[in-house]
Amino acid sequence: MEETAGNYDAARNVIRSPHSGSMGPGWRNFAGKSWGYANWKRFYGLPFQDVPGVGRLDDVKEEAAAGAMGQALEARQSRGDAAVNLAVTSMVAQAYLHTGDDKYRLWIERYVSGWIERAEANGGVVPDNVGLGGQVGEYTGGKWYGGYYGWTWPHGWHAVGCAVMAAAENGWLVSGGDGRYLDFARRQLDALTERGIVHRGTLHVPYKYGDPGWYDYDLWIDSVLLADGSASRPHEPTGSPVLWRDGWFEFQPMEPHFPAHLWHASMAEADWDRAVKLRHAHEDDARRVRSGFRVKKDFGGNDEPWAAYLHGEYPDYPLHMLRHSLTLLYYRLAFIHHDREDPASYRETYFQYRNPVVTEALSQLMCGAPRMIYNGGLWFPRVRYYDAELRRPGVPDDVAALVSRLTEDEVELELVNLHPSRARRLIVQASGYGEHRIVRVHAGQLSGELKLATYVEAGAPWPAAERTTRTTEIGAPAFEVELAPASRLPLVLEVERHAYKPSYRQPWERA
């Protein structure tokens, strides 16, 4: 793949800076910058423990100490590659999906393979920094940690893990399902799990790694283990240093989207076991919808109960999630309606708290997919829908869908046409990018009148009906179906995954 701005060194297989763009490596962005005190930094601690004159966060209130930390950041993080650059594979994957040019696929496979090799050489844990010479730890004194948005500061696994998972999924997609890319992410989860500590029935895994030093900072996140045996509460003074053990620190429950994405991609029973082992047992998160109004930046957070629903453990999840989504939608619309904040005071989080577009339930329940990984991941639906008459993505008016079961080679769902007198035509595709083949479809036919008005008004269950099944051979990425007025159509799709080259082409463009 050609690259004219000098961001990528093909000989050493490294991106030359954590900041890249049309002007080339962004080393200039780090030059001459001090690292002074800011209130938000009290929730993250120090990037390095070995900078002279900086023994705790308050020290950088002094100009000399702030300058010294800034110089250390420039020297150690401005040049060379960083693990978080793995997220760039999503941009290259987009180019591949649009063009089909194999140069983009080959670049992704080579670049991700480079990081896989570095992880293997580091005992399985992916390092977070590589110098311009291609050596891990080239600017960090030989240390595999301490890179830009890496294992030490500010977010640790949250940032590194998102990049690793996005790259693993992208490599898996463009390679036609090569399992070694998923194994890259799997080994990171296992490495953290092996170092975990059980607290109140929940496995707490380390999110960060760093040198001995000062860890007596506050935390904005919940349930991080502290040195005195207690756990943190959001935005409250900790009263104890963060637990640091053999370099690892910030032990906390694993964010569910990591094991959920791995299981969703592999559909392996062993990966489901990983997800169960990492559950938030102390809060029973597998059987409740997280209903906070200021949830994650990507408006996600319910991967754990959704996966439990697909395994038959939480049958009421669709109803509870629909209720939560509608509540969140109207709450945010009311927030907008009553908003009187002066634009001069807007912060970077302004739209996070006001955005009424809430899609987690649609992704999970209609398309059988978790939301995309934060900070760069692609979307991997097991089912996509198109309006066959208007030839556009999405279901036709009055049509709903619910995915209730996923396996490696089957998708079970149900389609409903709510219109009392008009049929609806739609196209069902068994993947996000047309990469899976629908071998055959088993369609359940419901005989008997559906009294929709009675169901809606009285809240009665669907009337009993005799069910028969019709099987149709497909042998294509998608098929068209017509829904009769006021009807339900249960479907089971038998699927052969990774049978076709993934592409952004629409179903009618593939014919």
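The values are calculated or read from the model by the stated rules, or taken from the named source; none is laboratory data. Only a predicted model underlies this, so the values are computations on that prediction, with no experimental measurement involved. Here the Cβ is made from the backbone with ideal geometry for all residues, glycine too, and neighbour counts use every protein chain on show.
Filter segment 413-439 for residues that are closer than 27 Å to residue 497 by Cβ and among the charged types (D, E, K, R); which is surrounded by the most Cβ atoms within 10 Å (Cβ to Cβ)? Full working, then the answer.
Quick first cut of segment 413-439, residues closer than 27 Å to residue 497 by Cβ only: 413-416, 425-439.
Now narrow it down to the ones that are among the charged types (D, E, K, R): 414, 425, 435, 437.
On the way: 414: 14, 425: 15, 435: 22, 437: 19.
Top of the filtered list is 435.
Would you please list the contacts, defined by Cβ atoms under 7 Å and residues six or more apart or on different chains, that run from a residue in segment 228-241 that is without any contact (Cβ under 8 Å) to a residue 40 or more places away in the chain to a residue that is hydroxyl-bearing (Ser, Thr, Tyr) and surrounded by fewer than 15 Cβ atoms within 10 Å (Cβ to Cβ)?
Close Cβ pairs (under 7 Å, with a partner that is hydroxyl-bearing (Ser, Thr, Tyr) and surrounded by fewer than 15 Cβ atoms within 10 Å (Cβ to Cβ)) amount to 240/230.
Hey, any hits in segment 144-156 for a residue that's touching a residue at least 12 places away in the same chain (Cβ under 8 Å) and surrounded by fewer than 18 Cβ atoms within 10 Å (Cβ to Cβ)?
If we filter segment 144-156 for residues that are touching a residue at least 12 places away in the same chain (Cβ under 8 Å), which is where we start, we get 144-156.
Filter again for surrounded by fewer than 18 Cβ atoms within 10 Å (Cβ to Cβ), leaving 154.
Yes, the conditions are met somewhere in segment 144-156.
Can you name the residue in segment 343-358 that is in a loop (DSSP other than H, G, I, E, B), exposed (fewer than 13 other Cβ atoms within 10 Å of the Cβ) and among the hydrophobic types (A, V, I, L, M, F, W, C) and, of all such residues, is modelled with the lowest pLDDT?
Filtering segment 343-358 for residues that are in a loop (DSSP other than H, G, I, E, B), exposed (fewer than 13 other Cβ atoms within 10 Å of the Cβ) and among the hydrophobic types (A, V, I, L, M, F, W, C), the one modelled with the lowest pLDDT comes out as 351.
Out of 32, 45, 36, 53, report the one residue that is part of a loop (DSSP other than H, G, I, E, B) and either within 27 Å of the chain's Cα centre (by Cα) or within 26 Å of residue 114 (Cα to Cα) (or both). First the steps, then the outcome.
Working: 32 fails: either within 27 Å of the chain's Cα centre (by Cα) or within 26 Å of residue 114 (Cα to Cα) (or both); 36 fails: either within 27 Å of the chain's Cα centre (by Cα) or within 26 Å of residue 114 (Cα to Cα) (or both); 53 fails: either within 27 Å of the chain's Cα centre (by Cα) or within 26 Å of residue 114 (Cα to Cα) (or both).
Matching residue, one of 32, 45, 36, 53: 45.
For segment 408-445, name all the residues that are assigned to a loop (DSSP other than H, G, I, E, B) and among the hydrophobic types (A, V, I, L, M, F, W, C).
Within segment 408-445, the first condition is being assigned to a loop (DSSP other than H, G, I, E, B), and the residues that meet it are 408-409, 418-423, 430-436.
Answer for segment 408-445, where residues must be assigned to a loop (DSSP other than H, G, I, E, B) and among the hydrophobic types (A, V, I, L, M, F, W, C): 418, 423, 430.
Only residues that are closer than 23 Å to residue 129 by Cβ, in contact with an Asp or Glu (Cβ under 7 Å, 6 or more places away or on another chain) and surrounded by 20 or more Cβ atoms within 10 Å (Cβ to Cβ): list them for segment 45-98, please. Please lay out each step first, then the result.
Taking segment 45-98 as the starting set, the residues that turn out to be closer than 23 Å to residue 129 by Cβ are 45-52, 54, 57, 60, 66-92.
Going one step further and asking which of them are in contact with an Asp or Glu (Cβ under 7 Å, 6 or more places away or on another chain), we end up with 49-50, 80, 82-83.
Selection gives 80, 82, 83.
Does at least one position in segment 138-147 carry a residue that is over 24 Å from the mean Cα position of the chain (by Cα) and either part of a helix (DSSP H, G or I) or not assigned by TED's automatic domain parsing to the domain that holds residue 189 (or both)? Spell out how you get there, then give the answer.
Taking segment 138-147 and keeping what is over 24 Å from the mean Cα position of the chain (by Cα), we get 138-144.
Filter once more, so that each one left must be either part of a helix (DSSP H, G or I) or not assigned by TED's automatic domain parsing to the domain that holds residue 189 (or both): none.
No - not one qualifying residue is present in segment 138-147.
Since residue 373 meets every condition but one in (1) in contact with a Gly (Cβ under 9 Å, 6 or more places away or on another chain); (2) of a type outside the set (Gly, Ala, Ser); (3) under 22 Å from residue 443 (Cα atoms), which condition does it not meet?
Unmet for residue 373, out of (1) in contact with a Gly (Cβ under 9 Å, 6 or more places away or on another chain); (2) of a type outside the set (Gly, Ala, Ser); (3) under 22 Å from residue 443 (Cα atoms): (3).
List, please: which pairs have Cβ atoms under 9 Å, are six or more places apart or on different chains, and start with a residue in segment 492-511 that is without any contact (Cβ under 8 Å) to a residue 40 or more places away in the chain and end with one that is outside any strand (DSSP E or B)?
Once the first residue is without any contact (Cβ under 8 Å) to a residue 40 or more places away in the chain and sits in segment 492-511, its partners that are outside any strand (DSSP E or B) give 509/503.
If you take the residues of segment 260-284 that are within 29 Å of residue 228 (Cβ to Cβ) and not acidic (Asp, Glu), which of them is surrounded by the most Cβ atoms within 10 Å (Cβ to Cβ)?
Here is the first cut: in segment 260-284, the residues within 29 Å of residue 228 (Cβ to Cβ) are 277-284.
Filter again for not acidic (Asp, Glu), leaving 277-282.
Numbers: 277: 14, 278: 24, 279: 22, 280: 20, 281: 16, 282: 14.
Out of the qualifying residues, it is 278.
Inside segment 56-104, can you point out the residues that are part of a loop (DSSP other than H, G, I, E, B), under 31 Å from the mean Cα position of the chain (by Cα) and not acidic (Asp, Glu)?
Taking segment 56-104 first, the residues part of a loop (DSSP other than H, G, I, E, B) are 56, 62, 78-80, 100-101.
With the extra rule that they be under 31 Å from the mean Cα position of the chain (by Cα), the set shrinks to 78-80, 100-101.
Within segment 56-104, 78, 79, 80, 100 meet the criteria.
Do you know which of the residues in segment 193-218 that are of a type in the set (A, V, I, L, M, F, W, C) and surrounded by fewer than 21 Cβ atoms within 10 Å (Cβ to Cβ) is farthest from residue 278 (Cα to Cα)? Let's see the steps before the verdict.
Applying the first criterion (of a type in the set (A, V, I, L, M, F, W, C)) to segment 193-218 yields 197-198, 203, 205, 214.
Narrowing further to those that are surrounded by fewer than 21 Cβ atoms within 10 Å (Cβ to Cβ): 197-198, 203, 214.
Numbers: 197: 11, 198: 10, 203: 6, 214: 29 Å.
Checking each candidate, the answer is 214.
Which of the residues that make up segment 386-402 are over 27 Å from residue 98 (Cβ atoms) and part of a strand (DSSP E or B)?
As a first pass, look at segment 386-402 and keep what is over 27 Å from residue 98 (Cβ atoms): 397-400, 402.
Correct list: 399, 400, 402.
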